[in-house]
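Engineer: Here it is: the structure, laid out below.
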Amino acid sequence: MTTDRNDVRLYAWLRQAFLTGLVSSFVLTIIGFIWISLQGAPVRDGIAFGGVLSSLLHGEPAALVSLGILALLLTPIIAVIICAVYFIIRRELTYAAMALVILCILSLGVVLGAT
Amino acid sequence: MALVIQARTWKLTQAITGIVYNRNDRNAWLQTCERFFLHGACVNIHGMHWLDIGLLILIGLAAGAFGAMMGVGGGIFVVPLLTLAAGIPLHAAIAMSLIAVAGTGCSSVTSYIKARFTNVRLGVLLETTTTAGALAGAFLGMFLSARWLSGIFAVGLVLSGYFMFRNRNTAINVAALPDTNNHNFATSLQASYRDPGGGGEVRYCVIRVRQGLCASAVAGAMSGLLGIGGGVIQVPVMNLVMGLPIKAAIGTSNFMIGITAVASAFVYYVRGYVDLLTTAPVLVGIFLGAQSGVVVTRRVNGNKLRLAFSAVLVCVAVLMLLRAVGVNL
């Protein structure tokens, strides 16, 4: 039951998730920032959660940076989901419940922030 | 080709900033440098010079490198640097810092997971109270004034510096404990990793879980309040109280700070408080700096790093304390 006995898959999944999130966030942020520089138009202070996709469809480069930040913020959440799934598969229900509690608190943060 | 790009960049800079700069104009350079180092640059999205962008990337680099190196996320550097050096308002700096902390965590944890420094089970356990504390802190932070926040931040830094200064390798070797063959909850938190610094395989167990959970809640609240990762509390607590080796504490903290920062960063992001143009360069610096920080952690003596880190914390704390009492340097 020690962490270093059968957790090779967990560590591999987590590493893959963090790498994917990191690279996509980095690429989106860089492209968005270069696009903003080339356009030279004023940029909105921030794009709220719901407006990212619509702003992107309207050709706003800042939306790409916002999407990059969103990708970054979603990465740890995906890591927690991976942990929950892994612990459920391993039938380590105590840790699975803990991961789900974390997800609930994070969701509460998004909902309370939006309202 | 390079000249064409340089000329185009120069024109773009003029278009964005609205100021006609001459590449050979030494006075413009000096004025900008003076603005940065003597008066603090007022960075805003409508008047951002490329030197502002360079400064923000540098801030991200420094914060990412130190944050990943010490498992603290870098928020303790990002917030003071953005407010003191770049002149950004404290609440905006906190929102930006939380994003940066998430970046440091995600960037460095890939290497720490590969090295097996990260104890995922312990991270998940402690995160239950940390995220709850972070959420409470984020909402509380919106109702507190910048001066109060500066004061709290300074006190937090002094405490962190003290803990870091006192920190010694207090890891409890699992081999030294009697084998009870009792696979209870604490046993499931045992872990091991191979130390590339020549220490061979390091096995350890986790003790004082309840105290760790309480400290995690405080770390989370500080994270939400002050825009830091909470690692300044988590690393000393895991090392001094819970018995983790310093490298395992740093690896686990880096896994946790990303999740902790996200809990409160979403509150700012969802409300559209994040200044995209200033956050982007900081993030780029963070991504690059965190990777270099991980490399240094593996090679440099931990005790020397810790002492230097304590000194830096105290210096920044003094600056923030002065700001809290109304003295702006």
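Engineer: For residue B:191, which sequence-distant residues (separation of 5 or more, or a different chain) have an amide H within less than 5 Å of its own amide H, given hydrogens modelled in the peptide plane?
Structural biologist: B:204
Engineer: Listed highest first by mean packing, meaning other Cβ atoms within 10 Å per residue, what order do B:96-104, B:73-81 come in?
Structural biologist: B:96-104, B:73-81
Engineer: Between residue B:209 and residue A:90, take the C-beta separation as r, use R0 = 25 Å, and let me know the FRET efficiency to the nearest 0.05. Mind dumping the intermediate values first?
Structural biologist: Working: r = 20 Å, r/R0 = 0.81.
Rounded to the nearest 0.05, the efficiency is 0.80.
Engineer: To continue, here is another question. Label-point separation (nm) for residue B:145 and residue A:35, each offset 7 Å from Cα along Cα-to-Cβ?
Structural biologist: So the two model labels end up 4.2 nm from each other.
Engineer: Still on this structure, please answer the following. ³J(HN,Hα) across the range A:76-81 via Karplus (A = 6.51, B = -1.76, C = 1.60, θ = phi - 60°), whole Hz, x for Gly/Pro?
Structural biologist: x, 5, 5, 4, 5, 4
We did not get these values from a lab; they are worked out from the coordinates using the rules stated. No experiment lies behind these values; they were computed from the predicted model shown. Because the Cβ atoms are built from the backbone with ideal geometry, glycine has one as well, and the counts that use them run over all protein chains shown.
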